[in-house]
Amino acid sequence: MKSKILYKFILIGWAFLSFHTLWSQQTALVSGRILAEDGTPIEDATISIGDQKGVVTDKKGSFLITVPAHEEVTLSIRHIAYRPKVYTTQPILPGTTHSFTLKLESILIGEFTYTEEKNRELPMIEIDPSNIQVIATPGDPLMALLKTAGLGIATNNELSAGYSVRGGNFDENLIYVNDVEVYRPFLARSGQQEGLSFINPDMIQGISFSSGGFEAKYGDKMSSVLDITYRKPVRFGATVMASFLGVNLHVEDAIIKNRLKYNIGFRYKSNNYILSGMDTKGEYKPDFLDFQSLVSYDATEKFEVALMASYSDNNYRIIPENRTTTFGHVQQAKQLNVYFDGQEITRFQVTSGALTFTYKPNKNSFHKLIGSVYHTKESEKFDILGQYYLGEVESDMTNPNFGEVVNTVGIGSFLNHARNQLQATVINAETKSRIYRESKKPGSRNSMSFQWGVRYQHERIEDKLDEWNLLDSSGYLIPYFGPSDTGQIMLQDIKKSTIQLNSNRVMAYYQQGFTWYVDSARINLQAGIRAQYWDLNNEWLFSPRIQLSWKPNWKPDMMFRLAGGIYYQAPFYRELRDLNGIVNTQVKAQQSIQAVLGFDYNFNIWKRPFKLVTEVYYKHLENLNTYELDNVRIRYYANNNARGYAAGIDVKLGGEFVEGLESWLTLSVMQTQEDIIGDFYLKDNGDTVFPGYIPRPTDQRFTLGLFFQDHIPFFKPIRVHLNLLFGSQLPFGPPNDNRYSDTLRAPFYRRVDIGFSYVILQPDRKFKKAKSFMHHIRSLWVSFEVFNLIDLNNTVSYTWVRDISNRQYAVPNYLTPRLFNLKVVIKV
């Protein structure tokens, strides 16, 4: 009897579970049409549910999507040319279809739409990639945008992709593309040699940037993180950009039922037009090209395979002829004239690839396996013979010789020689995972997340260094020993070495996040730790990091953040090689103990969105590896004999100053200094002087960045894009190995670039003839740009020469003058 009752209970329970499973697995359909304001169907709009994959509208604007039954469903509708919208359905019975029609409001190309940042709880800002194509710059457009949009970024070179963040140098910045770390050239001496940066702006979907206090999941650097996500398309698209500086081509699509996606870009750039306006005249032949691709395949709904590959060839050649530079001030102006012979050939070839396997068992977790290879082959060859004349310039405006050289104070010649070659290969194998869990307690919105990863990295370096200089001043070879000099030729700055290094690193991190709601206020905590071991110097690193945010339940939309931790700059090859080319494998990691206090405030003015972000920070620096900075070339002392600090405040105000167009203003005040332990010098009277704290090479006390957009009233297709940068004086010093002498200050960096664009075609103004090729163009616009609008001479570095009394002069090396550019962009 008992067995029969038990059997009935089991049967009823099985029936209930089966019914519940059947009920929960039942689905419904939602169909609809997406239209423009004038009733025109919108093709290629994406309709999705949360993080799940969506569907795309057809030529009639129609779509059909499967949704869970018996519950409300929120659909997200997006299109690149229209303002995004959400639509929430009522619970739908299984097997039925719910239909609706929705109209989207169109926007101009590049128009700004405010959305809640996904990383607002962290010290990380989101940058809209649509502004990359409209910013006026002779250099890399992404980096030009970053230098005004990021917090605490300083720069004095529009041609370089390098940037300094809160007192750090170029090597202290992490850059990721789809979770794969990328690197800067090793041998670059100037911005015009760098060519194209790794990142292709046409392929970008998202840009996240942190100026410090970043999470444990990011690597071991002391300054910043730039996290780039390449787009995985949902439809066909193509871009063609042509200007006086080069050509960009890009194509993307999703085929085989949207399972196979490809995103391919090609770039070619020549700086010949830009460099022809600089002080050094000659035959410039800079050719830079780059090819990149991202191909992904969804094997199942949960498993994806992606391959990212790239090849770049940056070739810089110059046969210099002459140079004329006037410097000094009105009462004491000097002019340097140099006549050259010889040539320089610099080439950077980079090949890289990454294979990624991603498994998503559900919407709250993912697991990744990444294998990547990075290989760079760099060569630097030059023999430059120069003969210079240094003269005084007539400053009396009443004199008929005003502005001309009236007295020669220095004559000399120099010979610079180099045959440098470097090959570097970095191989990585990495796994990373993330799990997100919501509280099961009824009515609770609390949640937690877990992230962890392990990475193995093998590095192989082959470096052959062969360079020297010869200086002859007024008929005497430098150094000159007076009447007893035998006339023996003595080369200067001799560096000869052949180096091969093989090393291995192991890195791991664990990070846990918590989100609580207390009296409707949201508190988020991210706490994690990184570990690294490098077998070259046998050093273990442990880096604890924490990020805390509090969003009070106030009517003003405010959020407060506190972040910090112990950050390390694990040395790479460049940090191991000293000023003489000798490698010190015992260099240890530099340390930065950071604290960042942040605040942001979202508000409306004129019924338009604005955002104010403020961060105050302090960084205590230990085991510093001191260095010399010349243009973009960093030369380390390869030691850990200094301590220092960096402190400052960053403020950014952004929003729609003009309706529909995003603009922003950033201000930074910062000081960074270092104390080299044990350094001293003797005065002429024999007294010993201990310099103490001196400015670091990146001690730019004040910076200002402005990106402003406007349009002509009543005719929005004509727009203006203004890009302004101002930086205070950077320290520099004479060419010696004494860091304490680098306390002179270069002039201010001041630059204004402006662009005027006209939108000829956009999605809601398509070409009338349906059978014409022009009908398939989604947008077409042309831009006229003026670089260095005010035509100011900005100094990037100095050339040191001597007069007849052996006195040294710092002759400024100026950057680009005023130039004009015409750009055409077509999107299909």
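The values are calculated or read from the model by the stated rules, or taken from the named source; none is laboratory data. Small disclaimer: the values here were computed from a predicted structure and weren't measured. Cβ: placed from backbone, ideal geometry, glycine included. Neighbour counts: every protein chain shown. Surface accessibility is based on the protein's heavy atoms, side chains included, excluding ligands, DNA and RNA. Shrake-Rupley method; radii C 1.70, N 1.55, O 1.52, S 1.80 Å.
Structure values in brief
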item	result
Estimated [θ] at 222 nm from DSSP helical runs (n ≥ 4, -39500 (n - 2.57)) normalised by residues in the chain, nearest 500	-1500 deg cm²/dmol
Projected label distance in nm at GLU392 and VAL330, using a 7 Å step from Cα toward the beta-carbon	1.9
Low-density loop positions, GluC sites (Glu not before Pro), region 271-306 - DSSP coil, at most 16 other Cβ in 10 Å	GLU301
Local electrostatic count at LEU174 - Lys and Arg +1, Asp and Glu -1, tallied over other residues with Cβ under 9 Å	-3
Karplus 3J(HN,Hα) series, Hz, for region 381-392 with 6.51 cos²θ - 1.76 cosθ + 1.60 (x for Gly, Pro)	10, 7, 9, 10, 9, x, 10, 10, 10, 10, x, 8
Spin-label pair TYR268/ASP535, simplified geometry with 7 Å Cα→Cβ offset, distance in nm	4.5
Two-site FRET efficiency, PHE236 against PHE357, from Cβ-Cβ distance with R₀ of 35 Å, rounded to 0.05	0.85
Answer label, with Rg and Dmax of the Cα atoms in Å calculated from the coordinates and candidates [x] 27.1, 88; [y] 29.1, 95; [z] 30.1, 127	[z]
Interchain or long-range residues, amide H under 5 Å from LEU789's placed H	VAL752, ASP753, ILE754
Rounded accessible area per residue of region 543-640, 1.4 Å, Å²	41
Neighbourhood charge, 11 Å Cβ-Cβ cut-off, centred on ARG522 and excluding it, Lys, Arg +1 and Asp, Glu -1	+1
Where GluC sites (Glu not before Pro) fall in DSSP loop in region 594-667, at most 13 other Cβ within 10 Å	GLU659
Gain on full stretching of the segment that runs from GLU462 to ARG745 - 0.36 nm per residue minus C-alpha separation	98.2 nm
Area accessible to solvent at PHE414, 1.4 Å probe radius, in Å²	40
Average accessible surface area per residue within region 276-320, 1.4 Å rolling probe, Å²	42
Dipole axis of region 524-639 (+1 Lys, Arg; -1 Asp, Glu on Cβ), positive-most option in PRO544, LEU597, ALA570	LEU597
Accessible surface of the chain [probe 1.4 Å, protein heavy atoms]: carbon and sulfur percent	59
Using a Förster distance of 45 Å, the FRET efficiency for HIS367-ASN399 (Cβ separation, nearest 0.05)	0.05
By average C-beta atoms within 10 angstrom, highest first, the peptides 211-222, 747-758	211-222, 747-758
Chain lengthening between GLU622 and ILE319 when straightened (0.36 nm per residue, less Cα-Cα)	104.7 nm
Length gained when the stretch LYS441-ASN580 is fully extended (0.36 nm per residue, less Cα-Cα span)	43.6 nm
Burial ranking of peptide ranges 151-161, 450-460 (average Cβ count within 10 Å, highest at the top)	151-161, 450-460
DSSP bridge orientation in the chain - percent antiparallel, rounded to nearest 5	95
Length-normalised contact order for the chain - Cα pairs under 8 Å, 6+ apart - percent	10
Links that overshoot a 18 Å alpha carbon limit, given the list LYS257/LYS827; LYS221/LYS551; LYS85/LYS716; LYS381/LYS496; LYS221/LYS588	LYS257/LYS827; LYS221/LYS551; LYS85/LYS716
Backbone HN-Hα couplings from phi across region 805-813 [Karplus 6.51/-1.76/1.60, Hz, Gly and Pro as x]	9, 6, 7, 8, 10, 9, 8, x, 9
Using alpha-carbon coordinates, inclination of helix 2-25 to the longest axis of the chain, degrees	50
Probe 1.4 Å, accessible area per residue of region 363-464, Å²	53
